[in-house]
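Inspection log for the structure reproduced underneath, given as structure tokens.
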Amino acid sequence: MFRRITALLGAVAGLVLLFLVVVPSAAPTPKATPAARASAPPAPAREPVNLPLRALAAPADLFVGTAVNMDWLPVQAEYSDWIGTQFSSVTAESALKWRVVEPQRGRLDFGDGDALVRFARAHGERVRGHTLVWHDELPDWLTSGTFTRDQLAQLLRQHVIDEVSHFRGRIAQWDVVNEVLAEDGSPRDTMWLRALGPGYIADAFRWAHEADPSAQLFYNESTIETIGPKSDGALALVRQLRAQGVPIDGVGFQAHLILDQPPPVSLQRNLKRFSDLGVATEITEADVRMPLPPDPARLNAQAADYKLLLDACLQTPRCTGFTVWGFTDQHSWVAGGLFKGYGAADILNDRFEPRPAYAAIRADLTAAARSRGDPITVAR
Ligand code: XIL
């Protein structure tokens, strides 16, 4: 329901933008006399070059999103303008992680999360809540404290319930658990698995559902784009959760790709087998890092990778969103030196200049919209 309303708001905002952007720019620039106009050849069909991504994605029923860095959103106009106009979905890059929302035990701080939700509402955007249960980005008091199993179970439950209740009705989709599998598809060895056993995953979904029955609940995972042991494990996990009646609605495929590794050509088949289980899927954290420096060949190969991700989603029933993990190098986690010698992972460079990947995404969305007889073709 909430998603439908948000999608509707997004579509309305998209149409308003469409008129603001396309209609004025469609007016002829040099002043033509009526006679000259009458003899001029008919104008060629215009590509909707100025339409924001969200308007291109709306006819395909797809949320197009980005991770948002709350250190920058309030202070950099170019950044917030892009986020407010181009996207129909936003994900908190860090603002909703446990380390940020409860830096001291019992002291909840949802300030950045509230600010993001307000921003999203003002711009007709959906919010993805990322992430409730993870082994990383935990507060120091939790990782360095000594707790019994019962205490840890109680702390985790309270954390999930506190956070989801705070945003009840305002966050459409939660990554309830994040990165719970090892590369071989077995349960990842984390403090949660060690203390609580594998049942913590089902419990987390149940707690989140109790706190906000209208929220869509996702399992988000890294490196499961390709069919192989890890995605097999993820599929088995989802099948098992569904069989147990656990309230899981979708699976997020992070898709942090690396240019000099084989592209995930089996992604579309892979998404389909999850979709066949009755869950939604989304690409939740797309970026494609490359060995530095970027050159035209690498940038074109990167564009092809972004297109592969988006295509796979567009071809899959119930693939409802395509989110990039930041859209400029200036704000990207990849640019922080985390991956030595790699960078240039985003659809815009660090001066907000579009890369071939940005054009590829636009072309792909336009083609998808056209094939569905969308309102964009009517507006042109
Ligand atoms: C990263 C953020 O981008 C960084 O800013 C932060 O310091 C660490 O986390 N998978 C995830 C995301 O699910 O939460 C991670 O985000 C990137 C990998």
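What follows draws every value from the coordinates through simple rules; no lab data is involved. All values derive from a computational prediction rather than experimental measurement. When we count neighbours, we look across all protein chains shown, and the Cβ atoms used for this are built from the backbone with ideal geometry, even at glycine.
Near V251, within a Cβ-to-Cβ distance under 15 Å, what is the net charge of the other residues, with Lys and Arg +1 and Asp and Glu -1? Once positives and negatives cancel, what remains is -1.
In terms of the mean number of neighbouring beta-carbon atoms within 10 Å, the peptides 153-162, 80-89 order highest first as 80-89, 153-162. When only the Cβ of Lys, Arg, Asp and Glu is charged (+1, +1, -1, -1), the dipole of the range 208-262 relative to its Cα centre reaches about 180 debye.
Among the listed pairs K97/K307; K272/K340; K230/K307, give every one whose C-alpha distance is greater than 25 Å. Don't skip to the answer; put the middle values down first.
Details: K97/K307 29 Å; K272/K340 34 Å; K230/K307 23 Å.
From K97/K307; K272/K340; K230/K307, over 25 Å: K97/K307; K272/K340.
Charge dipole (Cα centre; +1 on Lys/Arg Cβ, -1 on Asp/Glu Cβ; no other charges) of the range 2-379 amounts to roughly 1120 debye.
Counting every other Cβ atom within 10 Å of each residue's Cβ, M191, M70 order from fewest to most as M191, M70. Residue exposure proxy: F218, F110, F147, ordered by other Cβ atoms within 10 angstrom of their Cβ from fewest to most, comes out as F147, F110, F218. Exposure proxy for V238, V265, V64, V177: other Cβ atoms within 10 Å of each Cβ, ordered fewest to most, give V265, V238, V64, V177.
Find the centroid of the Cα atoms in the range 57-101 and in the range 332-347, then give the distance between the two in whole Å. The range 57-101 and the range 332-347 have Cα centres separated by 18 Å.
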